[in-house]
1. If A:Leu538 meets every condition in (1) part of a loop (DSSP other than H, G, I, E, B); (2) touching a Lys or Arg at 6+ places or on another chain (Cβ under 8 Å); (3) hydrophobic (A, V, I, L, M, F, W, C) apart from one, which number is that one?
2. Criterion first (more than 10 Å from chain B (Cβ to nearest Cβ) and either more than 24 Å from A:Phe790 (Cβ to Cβ) or assigned to a loop (DSSP other than H, G, I, E, B) (or both)) does A:Leu838 satisfy it?
3. From the list B:Ile384, B:Ile349, exactly one residue is within 14 Å of chain A (Cβ to nearest Cβ) and away from ligand 3 (no atom under 16 Å from the Cβ). Which is it?
4. Name the one entry in B:Thr233, B:Thr215 that is farther than 29 Å from B:Glu93 by Cα, at pLDDT 95 or above and more than 16 Å from ligand 1 (Cβ to nearest atom).
5. Name the residue, out of B:Ser298, B:Ser322, that is assigned by TED's automatic domain parsing to the domain that holds B:Asn361, within 14 Å of ligand 1 (Cβ to nearest atom) and at pLDDT 95 or above.
6. With respect to the numbered conditions (1) surrounded by fewer than 20 Cβ atoms within 10 Å (Cβ to Cβ); (2) near ligand 1 (Cβ under 9 Å from one of its atoms), which one is the sole condition not fulfilled by B:Leu276?
7. Taking the criterion of being within 16 Å of ligand 2 (Cβ to nearest atom), within 14 Å of another protein chain (Cβ to nearest Cβ) and not in a helix (DSSP H, G or I), would at least one residue in the range B:322-345 satisfy it?
Amino acid sequence: MTTSPNTKSADGDCSELAESRRKEAKRRSLRPVNEHFSSTINAESANSKQSLVKNSKGQNSRQTKATSQPHDSASTHVSGLSEYVDDRPEMQNELHCAVIYSTEAHARILSIDASECNTLDGFVDIITAADVHHNCWGPIFKDQPILAKDVVQYYGEIVAVVAAKTLAIAKLAAKRVKVCYEPLDCTMSIQEAISKRLFIGGERKIQRGDPYAKGPHQVTGKLIIQGADHFYLESNAVVVYPRENRLLEVHSSSQHPTETQHVVAEACGLAFSDVICIVKRLGGGFGGKESQAAPIAAYCALMAHKTNRPCRLILTKDDDMIITGKRNPFEIFYDCTFQDDGAIISLDAKLYSDAGAYADLSTAIMERAMLHCDNAYFIPNIFITGQVCKTNHHPHTAFRGFGGPKGVALIELIMEKIAIQISIDALNVRKRNMYRPSFDITHYGQRVENNMLPSLFESLEKECHYKARRKEISDWNRSHQSTIKGLSLTAVKFGISFTTRFLNQGNALVNIHRDGSVQVSTGAVEMGQGVNQRIATLVSSELGVPVDLVRMLSTSTERNANTSPTAASSGTDINGAAALKAIGLIKERLAKLAAILSKTPKEQWPSQTAGLGTAPEIELASPINPESKELKNKLDYECLFSDGQVIVRHHSSINTQPAFSIKFSDLVNEAYLSRISVCEYSHFKIENLGFNKITGQGQAFLYFTQGVAASEVEICRYTGDVKVRRVDILMDLGRPINEALDIGQVTGAFVQGMGWVTTENLVYNKKGLLLTHSPSTYKIPNIQDTPREFNVHLIDNDGNQANFKGTKAVGEPPLLLGISVWTAIQNALSSSPKHLQLEKIPATNEVILRAMHPDLGWTI
Amino acid sequence: MRHVTTKSTTKKLMAKKKTVKHPIEKKSTRNLSAGIQNGSLSTRISANSKSSEIFFYLNGQEVRPTAEEAFMMTADWLRKRKGMPGTKIVCAEGDCGACTVLIADPRKESLDFVPINSCVYLVGQLHGKSVVTIEGISNGSILSPVQNAMMKCHGSQCGYCTPGFVMALTGLLESRKMDNIPAAQKRKVCTNYLTGNLCRCTGYAPILDAACNMTDDSNYELKHRYLNEKIITTLKSNIWKTNQMGDKHGPTWYSPNQLEDALKFLKNQKSSVKILGSTTDLGVLYNKGKSQPNAFLSLQNIKALHASKVTPKQVQIGAQVSLESVRGAMKNIDSEFVNLLNIFASPQIKNVATLIGNVANGSPIGDTIPYLLVRNAIVYTSGISQGKIRERKIPLDKFYIGYKTSALESQELITKITFDRPKANNFVRHYKISTRKDLDISTMSMAISLDCEFSGHQFTIKQPRIAIGGMGPTAARIYSVEQKWEHQILTKTTILDLTHETACSINLELSPLSDHRGSADYRRALITNFFSKFASEFSQFLESMGVP
Ligand SMILES: Cc1cc2nc3c(=O)[nH]c(=O)nc-3n(C[C@H](O)[C@H](O)[C@H](O)COP(=O)(O)OP(=O)(O)OC[C@H]3O[C@@H](n4cnc5c(N)ncnc54)[C@H](O)[C@@H]3O)c2cc1C
Ligand code: FES
Ligand code: FES
C-alpha cells in the first residue's frame, strides 16, 4: 500500500517521537557532519558510473522509488564500533582455545600424547574424539566426524583442541601435543578419484532431447576449474558462555545459526533447546561459513561445556585457510555441436567435482552446476551428467554462486570457441542462442518467465559501444607489439531458490513497543549484504514510520528457530517476506482499532478510560485473514499507514468528512491498553516449487535474476599480466528495495568472480597442505585490479510477479559475470593467428603465458 | 596474541603480572646488566645515555607500556590490552591493511601522520611517536569527513576492512596529496594510496567513490588534535634517548641512542638478539612463530642512522631510512628506481620499512636487491672488535653467501648502503613479475643497466650489469653475460641476437625452483621474455638516439 514513506525519514518530520529520537541520536551517537552530502555515488570519480536509476531505455525514470539508505551499520562500521565475535571483551575466567590439526592427507591416528602440556603453566584441558558425544555431522550426509577418530582424511582435519589461560599458552600447548600417524594411500585429484572410483553419491543426470541429434560443427575439450578461497576478512570465530543449568550461549561467525546450534548440541549431548546460537554480524561469509562454521563452534562449545568456563576460539587466517574447504574444483568434458550460424544443436557434458574428504554441500553444488550449464542459452538437445568425487582435500563447500559459476563458465567458453571456429563475433553466437520467446524452456523443464535477456543483450551492446570497440581492438592487436586486447560480453541467468524445497522457508518476529518503535528479528544473518537494512526498509515502509525507528536484532535461535542458512541469495526473499507477513497481521488489527477509534469520542478512548475501567474494552471483530482478497472489498473504510500517522477514511463519508488521523505511536498505545497484541511471529514459505532430483525435471526456481557484462582486458605479451580496462554491467534486479546496496552487491560480486578467474591460485603440496594460505601468497583482487572504467546500471523491470514486491535477489548472480573477464582473455588469445585457447580457471599469468608461447619449451 | 611462544616467555608472562608495578627505570637497568656479561661495559652504557622508558601518545593520551607490552604487536595490544577492538587483525602479516593505524614520528623530516600496519609493528617501536587509531578519528560524537564519505558512498559492507580503509583515507586527506588536483587524477592518487588495503565485499568501486568525495575540513585535521605544540615538544625531548626494558628471564628491549652502545649490546648478548629495522619482515616471522628472539635491538634512536645523502656520483642511505623516503629522494635522480618502489608492497609498509632491512633480509626475491646490484651498491657494516669499532665495506655482490645468509657477522650491523647515481648515458630497466601486480612479492625480477658510448652511428656497451632475483638461492649478478656484453658494438638488429643468446645461456646456467609462485618453466620463459622486452625497449631508445 504505502510505497515511499520510508524515504521521508531523512528529511520529513514524521512524528515528535522520531524527532526526539533523532535529537537523542545526535547527542549520543555518531552522525554525519554534512547532512547534505551528495548521495550519488559517482560524483567525482572520473571513470566509473554506478547508476542508481536507469531503465532499459537509458532514461532516468523510475516510478516506484527505491531507497539508497546506507547499510544499517554504516556509522558504526566507519567508527570501528561494530562488534564482531572476537571484539567481545574477555571474561575473567575465560579460556583460549587452539586447534591441533592433521599434518597428513590420509592416515591412521596411532596416538595422541598431550603429556607435555601438563607441565605448562596455564594449560587447562584438551579434548579429542573421545570427548564428543555424537561425533558425526554433515549438512546433507552425516559423514563427517567433528573431531577425527582413528583416521584423518585431509591435511587440516581437526584432531584435538586445547584450552589455556592465554592464547600464547594455548598455542604453545597445541604445539606440544604429539600426534602419531601411519600414512595411508591418498587421493589428491579428480582424475585419481575417477580411476579409483571414489565417489560421493551416485551419478546425476539432467537431459532433454535426442541423443543422436548433431550439428555439422563441433567443439570438444576438457575444462579445468580450480577452487577459490572465500577470503572473508573475519576468520572463523567463536565465543561460548556456559550459562546456568547446562545452557550454552554460542556466539559464532556462522551463516547458519540453526545448524550451528544443532551441531553444538549433538556434540555436547544436549537437547537443541539447551543451546542458543547468536550471530550479530559476520565480517564476510560468501558461503564459507554456511556449513563449516558449525563444527568450529562445536570445538569451542565442547571445551566450554567440559570446563564450565567461557571459551574463545579464533582461527588465524593461515589456519582458517588450511582447515576450511573452498569452492569445489571441477573437471568438465564437453562436446558441443552447432550449425553454420552458431546455433547450438547439442551439448554433452560430463561434470566431475572434487568434494574433498567429506560430502559437505558438494552434491547440491553439483546439482546447481548442472542446472546452470545452459546459462542464458536455449540448447535443444542436452545431456549433462554430474559426479562428485571423494579426495583427501579439505571438504569443499558453498561459495557465492554455488555450482552456478562452473556451469556458466563452461557454456560461455563454448560460445567463444564456436565463434573462433566459424569466425563470427562471439556476441552473435550468444544472441543466436539466447533464451527468447518460443525458445524459453530450460533443460529441466522450467519456463524462463519474465525473460529480460534479449533486451539486456541489446541494450548493453549499444551502451558499451561494442561494435566500435571491437574494431578498435582488432586494430590494436594488429599494430601493437607488447600487449594484446580482448573483449567479451557474457550473460547470467541465475535461478533463485534453494533447489532443496524445504529450505525455502523463513520466519520473523516483529515486536512493536509502546512508544511506536519496532524490533524485528529473522533468520537472516547480516554479513555485509545489507539484508537488515532491506528488511528494515520494508517494515518501515509498511508501517509508515521512519526507518531509524526499526531496529534489526541479532540473529538468534532463541527468537527464530528452524531457520535456513543465509545463502542462495535468499536472505531478503524469505525473511523479508516473513517479516511482511507479520507486519500485515499487526496492521490488520491496528487498522480495525483505528476505524473504531475514528468513530469513538476521544474521552472514551482506552488512554482516557482503561485505568479506571470507566468504559467497556474495545473488542475487535474475529481475526481476518490478511491474505484474503475479498477483505478489502468488504471493508467499509480504508486505512493508510504513512508519515508516522495512521489515517482512516470511511467510504460512506469520504467526501463529507475529513479523514481521521492518529499518530502511529498513540495508536499502538491504545492497542496495548485494549489488550490487542502489537507483536507478531510469522512463518513464510515459497509456493510452487517442485524440482524432482531423480528425474532432473521440474520447477527448480521461483524466478531468475539476469544480467550481462562486457569486459575488456589488456594482456602483456611478455609476462601474461592482465589488466581489466573496462567493464560495463547491466543487471535486472526487478524492483530493488535499496538500489545502492544492490549495486554494492553487483560490484563486489563481480570483482570476486574476476579474482576467481584470474589471480586467485590455490597451490597444494603433495600432502594436501595449502601452500597459498595467506594474503601474501593467495591474491584476491587489490584496489588496483578494479576495472579502470567500471559502469554498473540496473534496468527497470516491474514485471517479476513471482517474488514479493517485484524484487529480485542479487547476492550471487553478478559473481558469474566475472566470467566475462576470463572469456575476454580467451578472446584476446584467439586474436593470434594460431587461435590460442584457454582451458583453465584461473587464468593466472603463467597459464596465459603458456597459452601464448607454446614454443617456449614447457616441460609439462 | 602472538608474542613469543617459548617456554621461557610463557613463564615470564606469568611472572610479569607480579612485577609490573616496579619502577621501570630501576628494573631495566638491572635487566640490562644481567644480559651483559662485561661489567664495565654495562656501567659505560648507563653512563653514556640516560635511559628512559618507552613513551608515546595514543589518540592524544600519554602511554608508558611495560616491557612485556613493548614486545607485543601494536594491533594485539590495542585490541586485547587497551580495550580498543576497532582496529582489526586479519592476516597478521601486513598484507591486508585491516590493522592500519596512523603514526607521526618526529624523527622524520616532515611530521605527518602516515598509515602503517599495526599487526607487524612492535609497541616498543612506538616510542616517541603520536599514534591515532580508529577510535580517535571521529570528533566527539561527530563523524569525520572520511567516515561520512565512506558511509554515504556505501564504502562499507561487512565492515571488517572498514576501519583500515578509514585510517588509510584519513592519512590520504592529511597528506594533502588530494589538494588542487583535477578529478580525473584523484582516482589514481586514491588507488595508489589504498594499495595496502584489501576488501572482499565491495569490489572497491564504492570506496574509490568515497575517496574522491571526501570533503576537507580543517576541524578534523589530526594534527590539530594529536600533534599540538605540547605533544610535539614532549615527543621531541624524548626521541633521541636510550630506552631499555626487560627482565632477566624474559625479553630485553634495547634501543640505544649511540651506535657504539648498540654494537656493544650485540657483542655481549648471548641469547638471540634481533636487530630491528622496522619489523615488516621480522614481524611476520614473529607472528607466525618462525622467529622467537629473546632480545630486540631497536636502532631508531640513533640519529646518525636516519641520514641519507646524495652526492654528484653516489647516493647514501642510512639504516633507518624508510623506503618511502628513498622513493622521495630518488624522484629526480633515478626514475627506474622510483618505478620499482611504486609497486613495492604498500604505502603502509613503505612508510616504515627500511631499504637496509630489505638488503639485510637477503631474500632471493627481495625487490631492491637486483637493482642495487646493477648500481654497484656497497654495504657498510660496523661491529666491535678488540674493544674498537670496526667498519667494513662489502660490495653487495659479495654480500650474499647463500639462501638468506650474508657476510654480516652476528656481532655486526649495517649502518648504511651506498650506490651509484645513473650516468647521463645510462640505460636501465627493472622488470618484476608477480601473481598480482600490486602488493605482491615477485615471482622473478631482473635489472639490466648499461652505460652507452656513442661514436658516430656506432654504439658501444660499457659497464653492463645484469642481476636476477627469484632464480636461485640469492639474487645475483650474471657475470658471464656481463663480460660478454662489455664493449659490444650494437645496432638495432644485433641487440636482438645478443639478448636472445643471453636468455638461452642464462637459462642453461640457472636452475630455478618450482614453487607456489610459479613453475621453473615459467621462470625460464620469463627470462626469455624479459630479454625480448629489453631488446624492444632498447631498440626504441637507440632509435631515439638516432642509431640505425
Ligand atoms: C605486506 C608486505 C609486503 C612486502 N612487499 C615486498 C615487496 O614488494 N618487495 C620486497 O622486496 N619486499 C617486500 N616485503 C618485505 C619487507 O617489507 C622488506 O624486506 C623491508 O624492506 C624490510 O625492512 P624492515 O625495516 O621492516 O626490516 P625488518 O623486518 O626490521 O628486518 C629485516 C631483517 O633485516 C635485519 N636488519 C634490519 N636492519 C638491520 C641493520 N641495520 N643491520 C643488520 N640487520 C638488519 C633484521 O634483523 C631482519 O633480519 C613486504 C613485506 C610485507 C609485510
Ligand atoms: S592484519 Fe592484515 S595487514 Fe595487519
Ligand atoms: S566491507 Fe567486507 S571486506 Fe570490505
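The values are calculated or read from the model by the stated rules, or taken from the named source; none is laboratory data. As the structure is a computational prediction, the values presented were derived from the model and not from experiment. When we count neighbours, we look across all protein chains shown, and the Cβ atoms used for this are built from the backbone with ideal geometry, even at glycine.
1. Among (1) part of a loop (DSSP other than H, G, I, E, B); (2) touching a Lys or Arg at 6+ places or on another chain (Cβ under 8 Å); (3) hydrophobic (A, V, I, L, M, F, W, C), A:Leu538 violates only (1).
2. Spelling it out, A:Leu838 is indeed more than 10 Å from chain B (Cβ to nearest Cβ) and either more than 24 Å from A:Phe790 (Cβ to Cβ) or assigned to a loop (DSSP other than H, G, I, E, B) (or both).
3. Answer to the check: B:Ile349.
4. So the residue among B:Thr233, B:Thr215 that is farther than 29 Å from B:Glu93 by Cα, at pLDDT 95 or above and more than 16 Å from ligand 1 (Cβ to nearest atom) is B:Thr233.
5. Going through B:Ser298, B:Ser322 in turn, the sole match is B:Ser322.
6. (1)
7. Yes, the conditions are met somewhere in the range B:322-345.
Each row is one residue, and each column tells you yes or no for (1) within 19 Å of the chain's Cα centre (by Cα); (2) on the phi > 0 side of the Ramachandran plot; (3) more than 14 Å from ligand 2 (Cβ to nearest atom); (4) more than 11 Å from chain A (Cβ to nearest Cβ).
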site: B:Lys88; (1), (2), (3), (4): no, no, no, no
site: B:Ala98; (1), (2), (3), (4): yes, no, no, no
site: B:Met151; (1), (2), (3), (4): no, no, yes, no
site: B:Ala168; (1), (2), (3), (4): yes, no, no, no
